[in-house]
Amino acid sequence: MQVDRTSEWFVPKFGSKKFQISIGILFLPYTSIVTCFAALGAISGPLQLERVVAICVIYILALGIGAHLLDAIGGKTKPWGNLPKRKIGIMALGAVSIAFSVGIYFAFLDSPWLFPIGIIEGFFLFAYSLELFGGKFHNNISTVFSWGILPVFAGSAIQTNSITMETIIIATITALVTYALIKTSRQYKLLKRDNGDLHIIKKKERILKLITVGVVVSTIIFFIIKYYNLI
């Protein structure tokens, strides 16, 4: 029976237990994927690099740090052990506050569509991570919507203050990728928890790695194409 998540593939196999938890709790592959989705939304329009960077920073702080830290202390399960709630909570809220401050700046500047997107993302950030409302929003649909679709819309909004057909097409693809990711991830987690077949566990692990690398590489290629006006 798996007692914690430090044995999972995205957790460093070196360093102290505290270091491993500190890195593992950020779920870096999943944070990278969602950040890439936001970047794809921003890259889909006329390219302003500072806005691509801004939306990436927003999602790294809000999801990578904020949401994952809140999930670690507010979720029903405690896969990373009993962490200091006050300290972790302050770090999470600090990261989220900075992220929303950046978003609000651009929303007031010339991207008002970030206001409704930010409000919805903020709702899911807390409702999902803290399992509010009896955990009703801690499910696949919420994950696909808040991780797979809204980041693309946010990226497009910060760049052009619009949701174009290209944005919708990209969001459809990222939603499907997110669904495949969470289905595989949960199967992997259950297999790890129940000491399942090692061959199947490794297969699921390879799929998760391929999805992560595929999203990151695809985003880089799309950025290069757009930056050099190759299409």
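The values are calculated or read from the model by the stated rules, or taken from the named source; none is laboratory data. Computed from a prediction, not measured in an experiment: that's the story for all the values here. Cβ sites come from the backbone with ideal geometry, for glycine too, and all protein chains shown count toward neighbours.
Annotations
- If the condition is being of a type in the set (Phe, Trp, Tyr) and at pLDDT below 95, then region 149-200 contributes only TYR188.
Okay, residues lined up against (1) assigned to a loop (DSSP other than H, G, I, E, B); (2) of a type outside the set (Ser, Thr, Tyr); (3) more than 14 Å from ILE33 (Cβ to Cβ):
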{"site": "SER156", "(1), (2), (3)": "no, no, yes"}
{"site": "ILE173", "(1), (2), (3)": "no, yes, no"}
{"site": "THR178", "(1), (2), (3)": "no, no, no"}
{"site": "LEU190", "(1), (2), (3)": "no, yes, yes"}
{"site": "ARG206", "(1), (2), (3)": "no, yes, yes"}
{"site": "GLY214", "(1), (2), (3)": "no, yes, no"}
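- Unmet criterion (only one of (1) more than 27 Å from VAL53 (Cβ to Cβ); (2) modelled with pLDDT under 90) for GLY89: (2)
- Enumeration of residues in region 6-62 that are among the charged types (D, E, K, R) and closer than 30 Å to TYR227 by Cβ: GLU50, ARG51
This table checks each residue for (1) touching a residue at least 40 places away in the same chain (Cβ under 8 Å); (2) under 20 Å from TYR59 (Cα atoms).
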site: THR143; (1), (2): no, yes
site: VAL152; (1), (2): yes, yes
site: THR164; (1), (2): yes, no
site: GLN187; (1), (2): no, no
site: LEU198; (1), (2): no, no
site: ILE211; (1), (2): yes, yes
site: VAL216; (1), (2): yes, yes
site: ILE220; (1), (2): no, yes
site: TYR227; (1), (2): yes, no
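- Residues within region 23-54 that are closer than 21 Å to LYS192 by Cβ and assigned to a loop (DSSP other than H, G, I, E, B), tallied: 3
- The set of residues from region 78-137 being in a loop (DSSP other than H, G, I, E, B) and surrounded by fewer than 17 Cβ atoms within 10 Å (Cβ to Cβ) comprises LYS78, GLY81, ASN82, LEU83, PRO84, ASP110, PRO112, LEU132, LYS136.
- Inside region 23-34, residues that are without any contact (Cβ under 8 Å) to a residue 40 or more places away in the chain and under 9 Å from the mean Cα position of the chain (by Cα) make up a count of 2.
- Long-range neighbours under 8 Å by Cβ, at least six apart or interchain, first residue under 24 Å from ASN195 (Cβ atoms) and surrounded by fewer than 14 Cβ atoms within 10 Å (Cβ to Cβ) within region 5-22, second among the β-branched types (Val, Ile, Thr) and modelled with pLDDT under 90: LYS17/THR6
- Test for ALA38: is it touching a residue at least 60 places away in the same chain (Cβ under 8 Å) and under 15 Å from the mean Cα position of the chain (by Cα): yes
- Criterion (surrounded by 21 or more Cβ atoms within 10 Å (Cβ to Cβ) and modelled with pLDDT of 90 or more) met by exactly one of LEU40, LEU26: LEU40
- Against the numbered list (1) surrounded by fewer than 16 Cβ atoms within 10 Å (Cβ to Cβ); (2) farther than 16 Å from PHE223 by Cβ, VAL53 comes up short only at (2).
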